[in-house]
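Structure record follows, encoded as structure tokens.
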Amino acid sequence: MTELKNLIATARDKGSFSTLLQAAEKLGLIDRYSNEGPFTIFAPVESAFEPIPDEVIDESFDDHGYLLGIINYHIVEGKYTTSDLSSLSELETISGNKLKISAKDGIKVDTAKIINADIECSNGVIHAIDEILVP
């Protein structure tokens, strides 16, 4: 059996979360999500960023407070698999905001669909989502 990697190493290996990883690096969060946990991360895939103009992404990266608020809205303390999520109606993010959970026609987090679920990590789980969550 393969040994599980941490959230950051797993996200890097998947190759579909590069903008999210750039944001984590910019905010100095790599160590935290490599070593602490467990966390559940609802991670937008690269295609989720395509509708957003590059200038808007660049501006967001320059505003650390705003960027941290967005990142923290994608992370929940604890490990929640899709079987856990299917019985919940909401989860509190590490920013203190609530995410709405719906299990109709697949699992949705707010308006985002989970498109690759239950990516196991040594310190949590990643669910790839098709949209960026905005508090």
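Only one of these conditions is not met by residue 55: (1) closer than 22 Å to residue 109 by Cα; (2) assigned to a helix (DSSP H, G or I); (3) over 12 Å from the mean Cα position of the chain (by Cα). Which number is it?
Only one criterion is unmet by residue 55, namely (1).
Any idea which of 21, 68 is within 16 Å of residue 134 (Cβ to Cβ) and either within 13 Å of the chain's Cα centre (by Cα) or loosely packed, with under 14 Cβ neighbours inside 10 Å (or both)?
Only one candidate qualifies: 68.
Name every residue in region 114-134 that is on the phi < 0 side of the Ramachandran plot and in contact with a Gly (Cβ under 6 Å, 6 or more places away or on another chain), in order of residue number.
123
Evaluate the following for residue 10: is it in a helix (DSSP H, G or I) and closer than 14 Å to residue 119 by Cα? Break it down stepwise before answering.
Working: in a helix (DSSP H, G or I): yes; closer than 14 Å to residue 119 by Cα: yes.
So residue 10 passes the test.
Looking only at region 1-44, count how many residues are aliphatic (A, V, I, L, M) and farther than 16 Å from residue 75 by Cβ. Give the derivation first.
Filtering region 1-44 down to residues aliphatic (A, V, I, L, M) leaves 1, 4, 7-9, 11, 20-21, 23-24, 27, 29-30, 41, 43.
Among the residues that remain, those that are also farther than 16 Å from residue 75 by Cβ are: 1, 4, 9.
Number satisfying all stated conditions: 3.
Run down 101, 71 and say which single residue is outside any loop (DSSP other than H, G, I, E, B) and more than 15 Å from residue 19 (Cβ to Cβ).
Working: 71 fails: more than 15 Å from residue 19 (Cβ to Cβ).
None of the others qualify; the one that does is 101.
Show the residue pairs meeting these rules: Cβ distance below 6 Å; 6+ apart or different chains; first residue within region 91-111 and closer than 19 Å to residue 38 by Cβ; second residue surrounded by fewer than 19 Cβ atoms within 10 Å (Cβ to Cβ) and of a type in the set (Lys, Arg).
92/98
Just for region 30-52: of the residues that are small (Gly, Ala, Ser) and not in a helix (DSSP H, G or I), which one is surrounded by the fewest Cβ atoms within 10 Å (Cβ to Cβ)?
Filtering first and then ranking leaves 37.
Between 65, 28, 78, which is on the phi > 0 side of the Ramachandran plot and free of Cβ contacts under 8 Å to residues at least 12 places away in the same chain?
28 is the lone residue from the list that is on the phi > 0 side of the Ramachandran plot and free of Cβ contacts under 8 Å to residues at least 12 places away in the same chain.
Readers should treat all values here as calculations from the given coordinates under stated rules, not as data from a laboratory. None of the values given here were measured: they were computed from a predicted structure. Virtual Cβ from ideal backbone geometry, glycine too; neighbours counted across all protein chains shown.
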